[in-house]
Amino acid sequence: MSRIGRMPIAVPAGVTVDIAENNHVTVKGPKGTLERSLPTEMEIKLEGSEVIVTRPNDLKKMKSLHGLTRTLIHNMVVGVTEGYEKVLEVNGVGYRASKAGKTLTLNLGFSHPVEMVDPEGLESTVDGNKIIIKGIDKERVGQYAAEIRDKKRPEPYKGKGIKYADEVIRRKVGKTGKK
């Protein structure tokens, strides 16, 4: 039995979970509304203030979908109550990030500044050399953070580039002189 899939999802006060046909789940909370179509094979039930996910049989595909379905619903509940945030760091001489309206401008040593517009429902703020992305959808927050990081990934020699705040860059030794 899936250890994660077995656990019930506690629905806090102020959050409503609606389960329509074909497992179309809508979660409403203080921060907003999220909806998602989940695998139709799984059985999703709302019992009191808990959501319980069960699987029809023990095929390998069903086992893997069981934990996934439960985690997706849990992420939606956490998203509408607390929200998600990712922190990126800009490292390097002359590398800067600035914010004007919904436009994030990155100066990353290219001949031109890189401009990115915040997607709908996401908000980015700049604090010194840190970029903070906030939103209620975990997947979209992570995707936008990955797109920003892709503009200039950290390199292993000097560590210049955009990295996640909790990311550790494996450093390499540079070349040595002739003997």
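For the cross-link pairs K31/K130; K102/K130; K63/K86; K31/K134; K28/K134, which exceed 20 Å when the distance is taken from alpha carbon to alpha carbon? Beyond 20 Å: K31/K130; K63/K86.
For the range 123-133, the Karplus equation 6.51 cos²θ - 1.76 cosθ + 1.60, evaluated at θ = phi - 60°, returns couplings of 9, 10, 10, 10, 10, x, 9, 10, 10, 10, 10 Hz by residue, with Gly and Pro reported as x.
In the elastic network of the chain, a GNM with C-alpha springs shorter than 10 Å, the most mobile of K61, K99, K152 is K61.
Reducing the range 52-96 and the range 151-179 to their Cα centroids gives an inter-centroid distance of 29 Å. Rounded to the nearest 10 degrees, the angle from helix 138-150 to the longest Cα principal axis of the chain is 20 degrees.
As an exercise, identify the chymotrypsin sites (Phe, Trp or Tyr not before Pro) in the range 81-179 lying in DSSP coil whose Cβ has no more than 13 other Cβ atoms within 10 Å. Write out the running numbers ahead of the final one.
Working: sites: Y84, Y95, F110, Y144, Y157, Y164; in loops: Y95, F110, Y157.
Those that pass, being in a loop and sparsely packed, are F110, Y157.
Note on the range 119-179: with neighbouring protein chains present and a 1.4 Å probe, carbon and sulfur make up 48 percent of its accessible heavy-atom surface.
Taking every C-alpha pair closer than 8 Å and separated by at least 6 residues, the mean separation divided by the residue count of the range 21-165 gives a relative contact order of 21 percent. Cα-based values for the range 84-123, radius of gyration first and Dmax second, are 11.2, 33 Å.
Given a Förster radius of 30 Å and the C-beta distance between M62 and A20 as r, what FRET efficiency does 1/(1 + (r/R0)^6) yield to the nearest 0.05?
Working: r = 21 Å, r/R0 = 0.72.
The calculated FRET efficiency here is 0.90.
Taking Cα atoms only, the orientation of helix 60-81 departs from the longest principal axis of the chain by about 70 degrees. Across K31, K86, K60, mean-square fluctuation computed from a Gaussian network of the chain (C-alpha pairs under 10 Å connected) peaks at K60. Between Y164 and E89, the built amide H atoms are under 5 Å apart, and every one of these is 5 or more places off in sequence or on another chain. The alpha-carbon positions of the range 84-159 define a convex hull whose volume is 86 Å³ per residue. Here the range 1-108 is treated as an ellipsoid with the same Cα gyration tensor; its semi-axes, largest first and in whole Å, are 36, 18, 12.
Solvent exposure of the range 1-117 amounts to 57 Å² per residue of accessible area, where only protein heavy atoms count and the probe is 1.4 Å.
The values are calculated or read from the model by the stated rules, or taken from the named source; none is laboratory data. Everything quoted here is computed from the prediction, not taken from an experiment. So basically every Cβ, Gly included, is an ideal-geometry build from the backbone, and we count neighbours across all protein chains shown. The area values use the complete protein model at the heavy-atom level, side chains included, leaving out ligands, DNA and RNA. Shrake-Rupley method; radii C 1.70, N 1.55, O 1.52, S 1.80 Å.
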